[in-house]
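To start, the structure itself, in structure tokens.
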Amino acid sequence: MPTKKSGSHAGESPTRLIDARIGELDDWRGEMLGRLRALIKDADPDVVEEWKWNVPVWSHDGLICTGESYKKVVKLTFARGAALEDPKRLFNSSLEGNTRRAIDFHEGEAIDEKGLQALVREAVALNRSVKAGKA
């Protein structure tokens, strides 16, 4: 289960909720989620931060990915991951479905920053093509 924060979120900005989630994860998971967030925002400066399903969500012309935190893993789940190329083979979770794919990050693991940013940009391009009716 994702780590939960108590209290109501009504009226709070998604950015503040994501900041709070990162802050409440006072171990490697907070650092990892913060780093992943920075890489996503760097890959797509127009990304929209949202808060859905009690987790951080990044969107641009549609959902890009969610950021979930579990006891032993931080997970980025790409909504249309199965349709992405993934030449660096970063997807290592949720591989059986026809739609989404995920990357599980464990404590101490290095992030393939360029590969992750390429996936984010590819997800945005896919969202744009779907929105334009080309996919």
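The values are calculated or read from the model by the stated rules, or taken from the named source; none is laboratory data. Computed from a prediction, not measured in an experiment: that's the story for all the values here. In this analysis, Cβ positions are derived from the backbone assuming ideal geometry, glycine residues included, and neighbour counts consider all displayed protein chains. Keep in mind that these areas ignore ligands, DNA and RNA; they rest on the heavy atoms of the full protein, side chains included. Shrake-Rupley method; radii C 1.70, N 1.55, O 1.52, S 1.80 Å.
Annotations
- In the range 34-135, the chymotrypsin sites (Phe, Trp or Tyr not before Pro) that fall in loop regions by DSSP, at most 13 other Cβ within 10 Å: TRP53, TYR70
- Using the Karplus relation 6.51 cos²θ - 1.76 cosθ + 1.60 with θ = phi - 60°, the per-residue 3J(HN,Hα) values for the range 109-126 come to 6, 7, 9, 7, 4, 5, x, 5, 5, 5, 5, 4, 5, 5, 5, 5, 4, 5 Hz, with x marking Gly and Pro.
- Hz values of 3J(HN,Hα) by residue in the range 96-102 - Karplus curve (6.51, -1.76, 1.60), Gly and Pro given as x: 7, x, 9, 10, 8, 9, 9
- Rounded to the nearest 20 debye, the dipole magnitude of the chain is 380 debye, with +1 charges on Lys and Arg beta carbons, -1 on Asp and Glu beta carbons, and the Cα centre as origin.
- In order along the range 72-81, the phi-based Karplus estimate (6.51 cos²θ - 1.76 cosθ + 1.60, θ = phi - 60°) of 3J(HN,Hα) comes to 10, 7, 10, 10, 9, 10, 8, 4, 10, x Hz; Gly and Pro are listed as x.
- Normalised by the number of residues in the chain, the mean separation of alpha-carbon contacts (under 8 Å, six or more apart) gives a relative contact order of 21 percent.
- Shape analysis of the chain based on the Cα gyration tensor places the equivalent ellipsoid semi-axes at 23, 18, 13 Å, largest first.
- For the chain, the solvent-accessible area of protein heavy atoms averages 55 Å² per residue (probe radius 1.4 Å; ligands and nucleic acids excluded).
- Carbon + sulfur, % of accessible area of the chain - ligands and nucleic acids excluded, 1.4 Å: 48
- Mean separation of Cα contacts under 8 Å, 6 or more apart, over the residue count of the range 43-110: relative contact order %: 22
- Of the trypsin sites (Lys or Arg not before Pro) found in the range 37-89, those that fall in a DSSP loop while having at most 11 other beta-carbon atoms within 10 Å are LYS71, LYS72, ARG89.
- Helix-only [θ]222 nm of the chain, DSSP H runs n ≥ 4, -39500 (n - 2.57) each, per residue, nearest 500: -11000 deg cm²/dmol
- Farthest positive-ward along the range 75-135 dipole, Cα basis, beta-carbon charges - from SER94, ALA125, ALA79: ALA125
- Along its first, second and third principal axes, ordered by size, the range 73-116 spans 30, 20, 13 Å in Cα coordinates.
- When the GluC sites (Glu not before Pro) in the range 55-113 are filtered for DSSP coil states and for at most 16 other beta-carbon atoms within 10 Å of their beta-carbon, the remaining sites are GLU85, GLU96, GLU107, GLU109.
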